[in-house]
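The values are calculated or read from the model by the stated rules, or taken from the named source; none is laboratory data. Just so you know, these numbers come straight off a predicted model, no measurement behind them. No Cβ is skipped: glycine too gets one built from the backbone with ideal geometry, and neighbour counts run over all protein chains shown.
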Amino acid sequence: MSFTAEVKDELSRVEGHCESCDIAELAALVRVCGALSFHGSGAYSIRVSTETGAVARTVIHLAHKVFDLDTSLTVRRSNLHKTRNYLIEIPEQKGLEQALIKMGVLVLGRGLSSGIAARVVARPCCRAAYLRGAFMAGGFIADPRGDFHLEIAVTGDEFADDLIELLDDENITARVNRRRGSYAIYLKSFDDIARFLTVIGARRTAHAVDNVRVMKSVKNDVNRRVNAELANQARSTGAAADQLVLIDAVEREVGLDNLPPALAAFCEARRAHPDLSLRDLGATMRPPMSKSALYHRVLRLEQLLKQTK
């Protein structure tokens, strides 16, 4: 089971706070992954297609629970992709037109709605239910162990704009990517994704995502420290190599026997420990010396060499 399917399975078990929540959730499911057919005055039917069993169960459960509508389910299997497709049909029947009006899918006297009816999402709990239904119908979330990314695929610019407004009401920043007539509303920020999952009721997943973020943060911190240490080692190695070249030049031009005892001691120690940093080299000296004291001796060697030229 994919990570997205796991999240949708968790969401399918979330109960709405009121009957209006159930209407809002079913409205989003029908609006995002449903197709409405018109059969004459006041006569309609709905077909909802999904590859996720949890979504199919939710559509059927809510259609029966809220509006007592008859439904049929057909399960088809793709030999090419080895996946199942669930087709839920809500045939023409008494009460379906009123159900569509209550869900805000139809506007009496005006036909199919292009946006989200304000009355359907008037309460905070109903907004959450609508967002839950929209994600179940057209949502995708990447496995957080790889990348933080969540999106909802919808059709219709007005509907996409209304959905972004719902997210904004929950202090969730979303962006939209237009794709040949369809729209992908997506979240990239970890904080936005975690808040969205919490709002729609996927608390277990939100907690799991948070754990992954903590692990990634620790791992990134360790990597930064390791990289910094490697960089320091590389700089120290390069500096030590430059000091050995300097000592060789001083030996040719001045002679190590002609150096003051302090400089001669440094040259001897550096040649004995060519891979140590100045700080570690100072610890081998007797008495121990600081990094700045040894660096001062390097500068004195450079000055001596310049004076010979």
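Key figures
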item	result
Identity of the residue in region 16-50, at pLDDT 90 or above and of a type in the set (D, E, K, R), that ends up farthest from the chain's Cα centre (by Cα)	Arg47
Single residue of region 124-172 satisfying the filter (among the basic types (Lys, Arg) and under 21 Å from Thr58 (Cα atoms)) that is surrounded by the fewest Cβ atoms within 10 Å (Cβ to Cβ)	Arg127
Residue match in region 62-78 (condition: assigned by TED's automatic domain parsing to the domain that holds Arg132, among the acidic types (Asp, Glu) and in contact with a Ser or Thr (Cβ under 6 Å, 6 or more places away or on another chain))	no
Count - residues of region 209-238 that are more than 14 Å from Arg145 (Cβ to Cβ), modelled with pLDDT of 70 or more and surrounded by 11 or more Cβ atoms within 10 Å (Cβ to Cβ)	3
Residue within region 52-72 that is within 20 Å of Ala134 (Cα to Cα), in contact with a Phe, Trp or Tyr (Cβ under 7 Å, 6 or more places away or on another chain), surrounded by fewer than 22 Cβ atoms within 10 Å (Cβ to Cβ) and in contact (Cβ under 8 Å) with a residue 12 or more places away in the chain present	yes
Hits in region 1-26 (condition: closer than 18 Å to Ser113 by Cα and of a type in the set (A, V, I, L, M, F, W, C))	Ile23, Ala24, Leu26
Long-range neighbours under 8 Å by Cβ, at least six apart or interchain, first residue on the phi > 0 side of the Ramachandran plot within region 135-163, second surrounded by 22 or more Cβ atoms within 10 Å (Cβ to Cβ) and not acidic (Asp, Glu)	Gly156/Tyr183
All positions within region 233-269 that are in a helix (DSSP H, G or I), over 25 Å from Pro287 (Cβ atoms) and touching a Ser or Thr at 6+ places or on another chain (Cβ under 7 Å)	Glu253
Test: residue in region 247-270 that is surrounded by 11 or more Cβ atoms within 10 Å (Cβ to Cβ), in contact with a Pro (Cβ under 8 Å, 6 or more places away or on another chain), among the aliphatic types (A, V, I, L, M) and under 14 Å from Val298 (Cβ atoms)	no
Filter result for Leu29 (outside any loop (DSSP other than H, G, I, E, B) and closer than 19 Å to Ala117 by Cα)	yes
The one condition in (1) surrounded by fewer than 18 Cβ atoms within 10 Å (Cβ to Cβ); (2) acidic (Asp, Glu); (3) at pLDDT 95 or above that Glu92 fails to fulfil	(3)
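Residue by residue, here is whether (1) among the acidic types (Asp, Glu); (2) touching a helix residue (DSSP H, G or I) at 6+ places or on another chain (Cβ under 8 Å) holds:
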position	(1), (2)
Glu15	yes, no
Cys18	no, yes
Asp22	yes, yes
Ala28	no, yes
Ser49	no, yes
Ile60	no, no
Ala63	no, yes
Phe67	no, yes
